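Engineer: I am attaching a structure below and will ask some questions about it afterwards.
The values are calculated or read from the model by the stated rules, or taken from the named source; none is laboratory data. In this text the structure is predicted, and so the values were computed from the model without any measurement. Methodologically, a virtual Cβ is constructed for each residue, glycine included, from the backbone with ideal geometry; neighbour enumeration extends over all protein chains shown.
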Amino acid sequence: MRNAGLILGLCLTGLLAAMALVSFFWTPFPVDEVRIAARFRPPGGANWLGTDHFGRDIVSLLMVGARNSIAVGAVVIGLGMLVGVPVGLAAAARGGWADEWLSRATDLVFAFPAILSAFLITALLGPGVVNAILAIGIFNMGVFARVTRGAAQAVWRREFVRAALALGRGPVAVTLVHVLPNVLGVLTVQATISFAAAILAEASLSYLGLGIQPPAPSWGKMLHDAQTFMLLRPSLAIIPGLAIALAVLGLNLLGDGLRDLLDPRLRRSR
Amino acid sequence: MRKISLLVAGAAVAALSLAGPAQAQRRDLVIGMALEPPHLDPTAGAAAAIDEITYQNVFEGLTRIDGEGQIVPGLAERWDVSEDGRTYTFHLRKGVKFHDGTGFDSADVKFAFDRARGADSVNAQKGYFTPIESIETPDPATVVIRLSKVDGQFLSNMGSGDAVIVAPESAGGNRQAPVGTGPFRFSRWTPGDRIELVRNPEFRDASTPKLDKVTFRFIADPAAQMNALRGGDIDAFPLFGAYESVPLFQADSQFAVDEGSTEGETILSFNHRRKPLDDLRVRRAISHALDRREIIEGAQFGYGVPIGSFFPPHREGYVDLTGVYPHDVAKAKALLAEAGHASGLRLTLKLPPPPYARRGGEIVAAQLAKVGIQVEIIPMEWAQWLEQVFRGNDFDLTIVSHVEPLDIGIFDRDPYYLGYRNPQFAAVMAELNGTVDPAGRKALYERAQRILTEDAAAGFLFQLPKIGIRKAGVAGLWKNAPVPANDVTAAFWTR
């Protein structure tokens, strides 16, 4: 039963991915179809989870919203790894002043809470999905740089790396051949957890009107719109709230499970 | 609706007569507003929020518009009009003082009007003052204004927020710290949060105002508006935005709901300077693409009367033109194809914060998408909207409610953000300005409306309702909004 978390995480994440994938080909209703006559339908019936204040189908909105969440998460993680991993590897390889400088730079990024720096960036550049991605991505660069550096430093102290160096391999070759493969596990785990954080951050920004712009559906925007109708139709707020919670829970369980699987030494004592 | 309002009025009267002197009544009032004003000088800005704080409360004009839209004496206790209709003699109230202690007399009137019509005037309604040929002040209590031509709207215009009397000593500072003659003085402005007015103890009529302090709080978000009312943070929200929760307040005996109308024609504005919106076929296509019923139901929860031109349905001279461009997707597509946009169009829609614009904008975007017009929605704050859209003319489409009374003439204004030019319409406006006789004015208003509709000068949506929510004990607020105002000079608590 040790893998129960991992399995549940896989199921939830798989469901999320499936929803998003299917939405490319099929949604129960056209997602941007406004049908005022059909608004505030309760869950059940033709609209499985009901309709919102514009008569749009909640299931369709959730599906396309999942696609948008995943797209934002993927780009954010990509951006974070693209910059963060080389920075972390370089810091671990060079050590000394380079490590010092790169580490202080990531500290600087960390000094601003992710959501606050996201506000700052969207306030300066204007709301929109590109700027939201940029904002969350910058924070993730720091996260990945720090995680990579820590893991790589540990690898650099191992005997086989010492041996490779003694045999005359240069630091770049050692990093690519020996260090990188050994930090991939940690990075996978971090990517899963960062993915969850990115979905949450995107939902927060969209909730505040700074992320994905209407009429494109977004879980955060659904939650925002539902706020006004909370007393009339609580399900409008509960459903996207649940979707966000389950997606984040799934990714976190997956991350934890993967960590246990890939790096037994990091396993928490039970 | 009328029945309901009579009931509400009856209830208010009953409550009034029952209220005994035994209970200590509250002497302060907190009013909620969706928008914060950019500044507080009504003679130097178009934002309705300025008037919604200062009109009658802080500033007064020669005449005033009351809650029923009637012209009543203001700082002028009476006036005479010459036989030819071109000379107005205003007899001013005596003993009136500005809040800074300086006296009010005919020189102030001359100063205020000369400032409003001067070359460097920033008055939003400069046109109100252009008919003025001369202003004479034979004595401190008399002002004689001679017009170059007859102006049927003159007395009404002089009662607008744009024509309030400011003093030479304080006019320069009115944007931040307004100094007027009204029963309330400006006290404090906490930007982003509230503006406070306090009782003017030296007001000429000792029984006015009935309150010691009035606070205006700014809450743009409709859900937050509802929570602020239910949480007791706000006593009244005269222009309530969360229509969907009106039934909740109607069912709650602690609150009273007033359903009235504003002078606000809510329109989908086109930037006539820009292609392809300078093309009549494209504008007609958009008009056919719009489904007003759906917009009113979806964005306003059914509150709002559809309009087919730029004229309020409750005013004399209204023509129902809502049937000219029936909702017709095929027709809209055909018109777009005829204009060379068969493969579709991309336009931006800049939306100010009010819910009618934000929610209405989402529905408009969905409706336009059905005829092949892809709309990019750009939500913006009010200051940004004024700068980019209203002054900068940088937009394709926008949704806004024009709340000035009888303001069909804005389509003839140049420069103006709409960028609409039509010599035929200009001629009707010129004739209207010189016509005093009511039948003649009515006919001209009708012609003006037909021209705008024929030209699809804007996407005409609906008349903005005035849904006011107040705590059951609050009385003396306006039910309708004939001019943008929250006149609290007569407001009081019945319990």
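Engineer: When region B:438-469 is examined, which residues are found to be in a strand (DSSP E or B) and small (Gly, Ala, Ser)?
Structural biologist: Once the filter is applied, which keeps residues that are in a strand (DSSP E or B) and small (Gly, Ala, Ser), region B:438-469 yields B:ALA458, B:GLY459, B:GLY468.
Engineer: Of these, A:VAL186, A:VAL248, which one is surrounded by fewer than 23 Cβ atoms within 10 Å (Cβ to Cβ), under 27 Å from A:HIS53 (Cα atoms), away from every other protein chain (no Cβ under 14 Å) and of a type in the set (A, V, I, L, M)? I'd like the intermediate steps shown before the answer.
Structural biologist: Values: A:VAL186 fails: under 27 Å from A:HIS53 (Cα atoms).
Checking each option against the conditions leaves just A:VAL248.
Engineer: Checking the conditions here, which among B:ALA76, B:ALA112, B:ALA124 is in contact with a helix residue (DSSP H, G or I) (Cβ under 9 Å, 6 or more places away or on another chain), at pLDDT 95 or above, under 24 Å from B:ASP414 (Cα atoms) and small (Gly, Ala, Ser)?
Structural biologist: Numbers: B:ALA76 fails: under 24 Å from B:ASP414 (Cα atoms); B:ALA124 fails: at pLDDT 95 or above.
The conditions single out B:ALA112.
Engineer: In region B:302-313, is there at least one residue being more than 23 Å from the chain's Cα centre (by Cα) and either away from every other protein chain (no Cβ under 14 Å) or surrounded by fewer than 16 Cβ atoms within 10 Å (Cβ to Cβ) (or both)? Even if it seems obvious, please write down each step before you answer.
Structural biologist: First pass over region B:302-313, keeping only residues more than 23 Å from the chain's Cα centre (by Cα): none.
Scanning region B:302-313 turns up no residue that is more than 23 Å from the chain's Cα centre (by Cα) and either away from every other protein chain (no Cβ under 14 Å) or surrounded by fewer than 16 Cβ atoms within 10 Å (Cβ to Cβ) (or both).
Engineer: Check B:GLY372 against each of (1) of a type outside the set (Ser, Thr, Tyr); (2) surrounded by fewer than 20 Cβ atoms within 10 Å (Cβ to Cβ); (3) within 28 Å of B:ILE467 (Cα to Cα) and name the one condition it does not meet.
Structural biologist: (3)
Engineer: For B:TRP385, only one of the following conditions fails: (1) farther than 23 Å from A:HIS53 by Cα; (2) touching a Leu at 6+ places or on another chain (Cβ under 7 Å); (3) within 14 Å of chain A (Cβ to nearest Cβ); (4) buried (at least 19 other Cβ atoms within 10 Å of the Cβ). What is its number?
Structural biologist: (2)
Engineer: While we're looking at this one, here's another question. Working carefully through the options A:LEU176, A:LEU208, find the one that is surrounded by fewer than 20 Cβ atoms within 10 Å (Cβ to Cβ), away from chain B (no Cβ under 11 Å) and more than 17 Å from A:ALA71 (Cα to Cα). Quick ask: steps written out before the conclusion?
Structural biologist: Working: A:LEU208 fails: away from chain B (no Cβ under 11 Å).
One residue alone meets the criteria, A:LEU176.
Engineer: Of the residues in region B:214-270, how many are of a type in the set (D, E, K, R), within 11 Å of chain A (Cβ to nearest Cβ), farther than 23 Å from B:ASP51 by Cα and surrounded by fewer than 22 Cβ atoms within 10 Å (Cβ to Cβ)? Please lay out each step first, then the result.
Structural biologist: Here is the first cut: in region B:214-270, the ones of a type in the set (D, E, K, R) are B:217, B:221, B:230, B:233, B:235, B:244, B:252, B:258-259, B:263, B:265.
Add one more test, that the residue is within 11 Å of chain A (Cβ to nearest Cβ), and what stays is B:221, B:230, B:244.
Add one more test, that the residue is farther than 23 Å from B:ASP51 by Cα, and what stays is B:230, B:244.
Then drop every residue that is not surrounded by fewer than 22 Cβ atoms within 10 Å (Cβ to Cβ), which leaves B:230.
Going through region B:214-270 one residue at a time, the tally reaches 1.
Engineer: Please work out which residue is nearest to the other protein chains (Cβ to nearest Cβ), limiting yourself to region A:28-58 and to residues that are buried (at least 18 other Cβ atoms within 10 Å of the Cβ) and farther than 21 Å from B:ARG359 by Cα.
Structural biologist: A:ASN47
Engineer: Do we find a residue being closer than 26 Å to B:ALA490 by Cα, buried (at least 21 other Cβ atoms within 10 Å of the Cβ), away from chain A (no Cβ under 14 Å) and modelled with pLDDT of 95 or more anywhere in region B:287-295? Steps first, answer last, please.
Structural biologist: Start the filter on region B:287-295 by keeping residues that are closer than 26 Å to B:ALA490 by Cα, which leaves none.
Scanning region B:287-295 turns up no residue that is closer than 26 Å to B:ALA490 by Cα, buried (at least 21 other Cβ atoms within 10 Å of the Cβ), away from chain A (no Cβ under 14 Å) and modelled with pLDDT of 95 or more.
Engineer: Something else now. Could you run through region A:125-150 and say how many residues are aliphatic (A, V, I, L, M) and closer than 18 Å to A:VAL186 by Cα?
Structural biologist: Step one: of region A:125-150, the residues aliphatic (A, V, I, L, M) are A:125, A:129-130, A:132-136, A:138, A:141, A:143, A:145, A:147.
Adding the requirement that they be closer than 18 Å to A:VAL186 by Cα leaves A:141, A:143, A:145, A:147.
Residues in region A:125-150 being aliphatic (A, V, I, L, M) and closer than 18 Å to A:VAL186 by Cα: 4 in total.
Engineer: List pairs: first residue in region B:151-177 and surrounded by fewer than 18 Cβ atoms within 10 Å (Cβ to Cβ), second residue charged (D, E, K, R) and not in a helix (DSSP H, G or I) anywhere in the structure, Cβ distance under 8 angstrom, at least six positions apart or on different chains.
Structural biologist: Listed pairs, sorted by first residue: B:GLU169/B:ASP100; B:SER170/B:ASP100; B:ARG175/B:ASP41.
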